[in-house]
1. Considering region 24-50 alone, what residues qualify as being polar (S, T, N, Q) and surrounded by 14 or more Cβ atoms within 10 Å (Cβ to Cβ)?
2. Report, by residue number, each residue of region 51-103 that is within 15 Å of Val25 (Cα to Cα), open to solvent by 30 Å² or more (accessible area, probe 1.4 Å) and touching a residue at least 40 places away in the same chain (Cβ under 8 Å).
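The values are calculated or read from the model by the stated rules, or taken from the named source; none is laboratory data. All of these numbers come straight from a predicted model, not from anything done at the bench. FYI the Cβ positions are ideal-geometry reconstructions off the backbone, even for glycines, and counts take in every protein chain you see. Just the protein is used for accessible areas: all its heavy atoms, side chains included, with ligands, DNA and RNA removed. Shrake-Rupley method; radii C 1.70, N 1.55, O 1.52, S 1.80 Å.
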Amino acid sequence: MQKKKTLFDMPRGLSEPVIAYMTDVVGYLEANGKYSRIDDASLHMLARQLDVFYCAAAAVNVEGLMVYDDKQKLIANPKIFIMNQAETMCVKVMKEYGLMAKARKELGGMAASMKKSPLEQFMDK
């Protein structure tokens with residue numbers, strides 16, 4: 001008999017929207033019988049990368065797409081690169097676990113309480 005996996009131990013230092021989203025993710029995975037097949041390392045990676053994405057996106061929203069470097073030359077905001085890298089990692093993990101919109105449709109929908117991810121919320125703006 002397989003031992004039941006204990007509830008996901010949330011990484012420390014995450015922003016509140018990411019904590020709320022990851023709580024929903026774990027609930028969705030548990031409700032759909034997928035949680036026991038997922039390693040916590042993947043969930044930690046998703047949580048951390050979502051937090052990086054969320055923080056970088058917030059910084060870009062404040063600082064703008066272009067910033068000045070130390071020589072006062074206008075350049076693309078370096079946080080855009082960070083945001084894009086985190087987005088790529090998030091999408092890879094989210095696709096694997098059926099957490100993207102297309103995958104949810106194919107799986108027959110998702111729990112009504114499941115909120116959009118910070119990634120999806122940002123893309124909607």
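1. Asn32, Gln49
2. Glu96
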